[in-house]
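The values are calculated or read from the model by the stated rules, or taken from the named source; none is laboratory data. Here the structure is a predicted model, which means the values were calculated and not measured. Using ideal geometry, Cβ is built from the backbone for each residue, glycine included, and neighbour counts are taken over all protein chains shown. Heads up: the accessible areas ignore ligands, DNA and RNA and are worked out on the full protein's heavy atoms, side chains in. Shrake-Rupley method; radii C 1.70, N 1.55, O 1.52, S 1.80 Å.
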Amino acid sequence: MPRSSQLLHPQREPAPVRPAATILLLRDTPAGIEVLMTRRSPTASFAPGAYVFPGGAIDPADTAARAQAVRRPTQSDEHLTQAIAAIRESFEELGVLLARRPDGSPVSAADIAALNRKAPLAPQCAAHGLTLATDHAYVLARWITDRDLPMRFDTSFLVARIPPGQMPVADEAEQFEPVWVRPQDALARHEAGAFFMIFPTIRTLQRLMAYPTVDAVLAACASEQALWTSCPRAGKLAGNVARFMEHELPFGELELLSPDGQIVHALDWQHQQPVPLLKNVQRLTAPNAGFMTGPGTNSYLVGDAASGYIAIDPGPDDRAHIERLWRAAGGDIRLIVCTHSHPDHSPGAGPLQQLCGGKAPILGLPSQPTAQPGHRFTPERALQDQELLQLTGQTPAGELTHTLRVIHTPGHAANHLCLLLQEDGLLFSGDHILGGSTTVINPPDGDMTAYLDSLDKLDAACAASDVRFILPAHGHVLGFARQTIAQLKAHRLAREAKVRAAMQAAPEGSLDDWVALAYDDAPERARQMAKRSLLAHVQRLRACS
């Protein structure tokens, strides 16, 4: 993890979380699933005016009420308490009660009318011989309120089928306007500005759309494990606050820049100014955005004013970009490192060295004979695998060192390397790992077996150095480094299985035939480049057969 001394923003303790529970009451209709929602009071302390699912904080009385509840054999004490709280809240807020009579039949409207919504529920149920039908409520998800908010909850989202014959009636104090709505309709109305919802509600409805029936939802939750857990992070996008879940690309960058949840980082891509990621790491994106380069090639500066800087991937020969990179380092660039020889990474090295008065040596690996003519690169010195590149400077707080460890990672290119910033646990991945897409493996310079082996090598390095963040040459910072590598390898192997199946289905077929089958989920414009990676898979399969 990054050194606290290198974080851009002062550390702080986010507000503590309170346990809470909410419930999605569902029903089937000819048009699909509908969910019961209600509008919160405009004066509510949390999410005022928002359409939500009934729910609230878990009370100590909810734990005490376990004896009044019916549980599934696999339902834990924690989930039982959450279900009790959610059922209690739905009764208090909307008059909907998941409960049974002594004979096991669902409660009737008359049973509910005999209860006081403002009095404790469990004692009333005991007095009337009712038991809470907590065995009908299943955990769907777990949401933890964003770190930037002053009031935070750790909320279990449960799902249950609405009991037959019950009509919701809002309490008109905390909740108003109960409404049955299809998830897609709620989302469309929110987008139109007529149905305000907060981020977890939106994301939950988006996932609920995948299920055709209530039975399908309940079956998905039968494992007793939340289908997802999220504590979102927020940044600025186009001047507005935007929130992201863990699987969404900007999450890792927001975690690196503001680990305690401050909403301070702009996610918009811009090419005129460097973007500080830590006090000792800056990113400057070249203005070469495109289908293959995404927002552009990321050049990085590692170091500080006291130690000088190492420039990683100066990018294409774009003089304005190179000058901006030189100015961001105050002209004090000590080393220039190219992760590989491709024309959006290495051509800027010579012009940048000239700006530095010829004093910054150009390091990397020479391109191999397999490289295309336009991809040739010869460094002034070839780096050795596991070699250390080190900068040290004297700061008011004492000596500060920045050490980059070289890791040879052939696969995307025969001369590809990655760099690991040891003191801060950051991996500069070049094109071996990208943000938002998979890299092209283009034979003969690209090799699929070498690529997969290099992923294993990077995973081992991340495990040994506690690396959490990956800084790719294209795209935002990636979090969950080892998980990202594992998912990338699994994706490649799954693709290889499709390639094998395509070859078996059309043994006399051409690459064009096979790419149509194995990359049927890829857009048409990507097929030509996909064909190069398919060839790499074919060569690997034939070598292993």
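Structure notes:
- The number of residues in the range 287-308 that are farther than 21 Å from Pro361 by Cβ and without any contact (Cβ under 8 Å) to a residue 60 or more places away in the chain comes to 4.
- Taken over the range 131-152, the criterion of being polar (S, T, N, Q) and either free of Cβ contacts under 8 Å to residues at least 40 places away in the same chain or over 15 Å from Ile84 (Cα atoms) (or both) is satisfied by Thr145 alone.
- Any helices (runs of 4 or more DSSP H) falling wholly within the range 121-210 and containing at least 3 residues that are open to solvent by less than 40 Å² (accessible area, probe 1.4 Å) and of a type in the set (Val, Ile, Thr): 199-208
- Checking Ile312 against (1) over 18 Å from Ile336 (Cα atoms); (2) out of contact with any helix residue (DSSP H, G or I) (no Cβ under 7 Å at 6 or more places or on another chain); (3) not small (Gly, Ala, Ser), the condition it does not meet: (1)
- One residue from Glu248, Glu255 being closer than 17 Å to Ile144 by Cβ, without any contact (Cβ under 8 Å) to a residue 24 or more places away in the chain and either among the β-branched types (Val, Ile, Thr) or open to solvent by less than 50 Å² (accessible area, probe 1.4 Å) (or both): Glu248
- Residue in the range 103-117 that is closer than 27 Å to Ala186 by Cβ, open to solvent by less than 40 Å² (accessible area, probe 1.4 Å) and within 40 Å of the chain's Cα centre (by Cα) present: no
- Pairs meeting the criteria (first residue in the range 528-545 and farther than 18 Å from Asp453 by Cβ, second residue aromatic (Phe, Trp, Tyr), beta carbons under 7 Å, at least 6 apart or on different chains) are Ala530/Tyr519; Leu534/Trp514; Leu534/Tyr519.
- In this entry, Thr484 is excluded by the filter for residues that are outside any strand (DSSP E or B), of a type in the set (Ser, Thr, Tyr), over 24 Å from Ala289 (Cα atoms) and open to solvent by less than 60 Å² (accessible area, probe 1.4 Å).
- Under the condition of being under 25 Å from Phe291 (Cα atoms) and either assigned to a helix (DSSP H, G or I) or in contact with a Ser or Thr (Cβ under 8 Å, 6 or more places away or on another chain) (or both), the residues counted in the range 487-545 number 35.
- Qualifying positions in the range 450-479 - open to solvent by 50 Å² or more (accessible area, probe 1.4 Å) and touching a residue at least 40 places away in the same chain (Cβ under 8 Å): Asp453, Lys457, Asp466, Arg468
- Residues that are within 20 Å of the chain's Cα centre (by Cα), open to solvent by 30 Å² or more (accessible area, probe 1.4 Å) and of a type outside the set (D, E, K, R) were ranked within the range 261-278; the one that is farthest from Asn240 (Cα to Cα) is Trp269.
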